[in-house]
Amino acid sequence: MEIKTEQFTELAKKELKNEHSRLFLKLIPPVMKAKRDAGMGSLPDPAAATACGAAIRAEALARLPELLEEFEKNARPTG
């Protein structure tokens, strides 16, 4: 099933008027925060893990052109 942007916008507007959908969407942030807190709490040094993640993200952003070219090369069919 292919959904086009216009269809998505229409469906999103419709669902935002739906009380059950709005209630569900309101539950997502606190649930995600609780899961993140639980995950971070399971690490011996959450601050170090956060710093490591930030370093990995910074390196990836610095190398983004190179990484995108590598991805494109690997994603193209070889036949």
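Coordinate-derived values only; no laboratory data. Since we're looking at a predicted model, the values are computed, not measured. All Cβ positions, glycine included, derive from the backbone under ideal geometry; neighbour counts span all protein chains shown.
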Can you report the number of residues in region 1-26 which are assigned to a loop (DSSP other than H, G, I, E, B) and charged (D, E, K, R)?
3
Would you check which residues across region 39-55 are surrounded by 10 or more Cβ atoms within 10 Å (Cβ to Cβ) and either touching a residue at least 60 places away in the same chain (Cβ under 8 Å) or among the hydrophobic types (A, V, I, L, M, F, W, C) (or both) and list them?
Met40, Leu43, Ala48, Ala49, Ala51, Cys52, Ala54, Ala55
Across region 27-40, what is the total count of residues that are over 26 Å from Ala51 (Cα atoms) and either small (Gly, Ala, Ser) or not in a helix (DSSP H, G or I) (or both)?
0
